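Student: Sharing a structure here in structure tokens format.
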Amino acid sequence: MGAHLVRRYVLEPELEPEPGSIPTFPPDLGFPERQPREMIATQDEMNDAQLPLSQRDYCAHHLIKFLKCKRDMWPNFLECKHERHEWDQCEHEDYVMRMKEYERERRLLTRKKL
């Protein structure tokens, strides 16, 4: 653990992309059939559900369903296990997608340098 920190600050800082930055390479480079991701929940739906800004991501539609289920099933909120699982699964897939995108960016920067 911590190998990314060594690469970032000691060995090859110019080859490590910023984690929060927008990718510098086109998204379809090497993947011509790749489709851009789109938000399913609209801004109005997220405003109506009073989601905080930190939770307005690609999984917001699952979170809205989960919160609605919790509100409707109160006090038996354990009935919402399925909605919670869908939201957790979506969050995990989103995390994996972001890590793959970060690794793709790092490898393309390495290839560009060579």
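The values are calculated or read from the model by the stated rules, or taken from the named source; none is laboratory data. What you see is a predicted model; the values in this text were computed from it and never measured. The accessibility values were calculated without ligands, DNA or RNA, using every heavy atom of the protein model including side chains. Shrake-Rupley method; radii C 1.70, N 1.55, O 1.52, S 1.80 Å.
Student: Enumerate the calculated ³J(HN,Hα) couplings along region 68-80 in order (Karplus 6.51 cos²θ - 1.76 cosθ + 1.60, θ = phi - 60°), each rounded to whole Hz, writing x wherever the residue is Gly or Pro.
Tutor: Each residue's phi maps through the Karplus curve to give 5, 4, 4, 5, 6, 9, 4, x, 8, 6, 6, 5, 9 Hz.
Student: In the chain, what is the count of Lys pairs whose alpha carbons are under 25 Å apart, counting only pairs at least 8 residues apart or on separate chains?
Tutor: So the count works out to 5.
Student: Let me ask something additional. As a test question: what accessible area, to the nearest 10 Å², does Ile22 have when a 1.4 Å probe is rolled over all protein chains in place?
Tutor: My reading of the accessible area for Ile22 is about 140 Å².
Student: For Met99 and Lys113 in the same chain, what is the full-extension length gain: residue separation times 0.36 nm, less their Cα-Cα distance, in nm?
Tutor: Here the answer is 2.9 nm.
Student: Also, quick follow-up: Could you work out how much longer the chain between Asp72 and Thr24 gets when fully extended? Use 0.36 nm per residue separation minus the Cα distance between them, nm to one decimal.
Tutor: Result for the pair: 12.9 nm of gain on full extension.
Student: For the chain, max minus min Cα coordinate along each principal axis, in Å, sorted largest first?
Tutor: 59, 34, 22
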